[in-house]
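We did not get these values from a lab; they are worked out from the coordinates using the rules stated. Since the model is a prediction, treat every value here as computed from it, not as a measurement. Cβ: placed from backbone, ideal geometry, glycine included. Neighbour counts: every protein chain shown.
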Amino acid sequence: QVQLVESGGGLVQPGGSLRLSCAASGSILRIYTMGWYRQAPGKQRELVATITGAGSTNYADSVKGRFTISRDNAKNTVFLQMNSLKPEDTAAYYCSADVQQLSTIVIHLYWGQGTQVTVSS
């Protein structure tokens with residue numbers, strides 16, 4: 001099995017910064033695209049940013065220029081640096097990973113349990 005564990009959420013004032021981390025563990029052969037999604041109360045889960053194994057990135061328009069996604073392939077970890085945070089960034093943030101496990105050619109999408117980010121004065 002594969003587990004994704006997020007950390008780094010919390011309460012921050014508008015204009016502040018937070019750094020989220022998500023570490024994957026388990027019977028992992030290879031991790032392809034990793035990403036961050038968020039879901040605010042009463043809203044659908046939405047894409048924040050993704051990063052491929054080669055380092056190509058994609059961002060939602062709402063976070064471009066403020067958030068930066070990165071990864072450490074040696075540690076199976078993805079990060080989200082969030083700067084200039086706004087109240088509308090308040091949501092539960094979930095990491096995702098496309099994982100090929102040992103002894104299989106199948107790639108499965110895994111999700112973390114979520115970490116809360118609250119931007120408020």
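Hull volume per residue, based on the alpha-carbon atoms of the stretch 60-99 and their convex hull, is 84 Å³.
Protection proxy ranking of 96-109, 34-47, by the mean of other Cβ atoms within 10 Å over each peptide's residues and highest first, is 34-47, 96-109. Counting 0.36 nm for each residue step from Gln44 to Lys86 and taking away their Cα separation leaves a gain of 13.3 nm. Each Cα pair under 8 Å and six or more residues apart adds its sequence gap; the mean of these over the residue count of the chain is a relative contact order of 36 percent.
Straight-line cross-link partners of Lys75 among the lysines, defined as a Cα under 27 Å from its Cα and at least 8 positions apart when in the same chain: Lys64. From the Kirkwood radius over Cα pairs of the stretch 1-87, Stokes-Einstein at 37 °C and 0.692 mPa s returns a whole-number translational diffusion coefficient of 238 µm²/s.
Would you tally the net charge around Arg38, using a Cβ to Cβ cut-off of less than 11 Å, leaving Arg38 out, and scoring K and R as +1, D and E as -1? Once all neighbours under 11 Å are counted, the net charge is -1.
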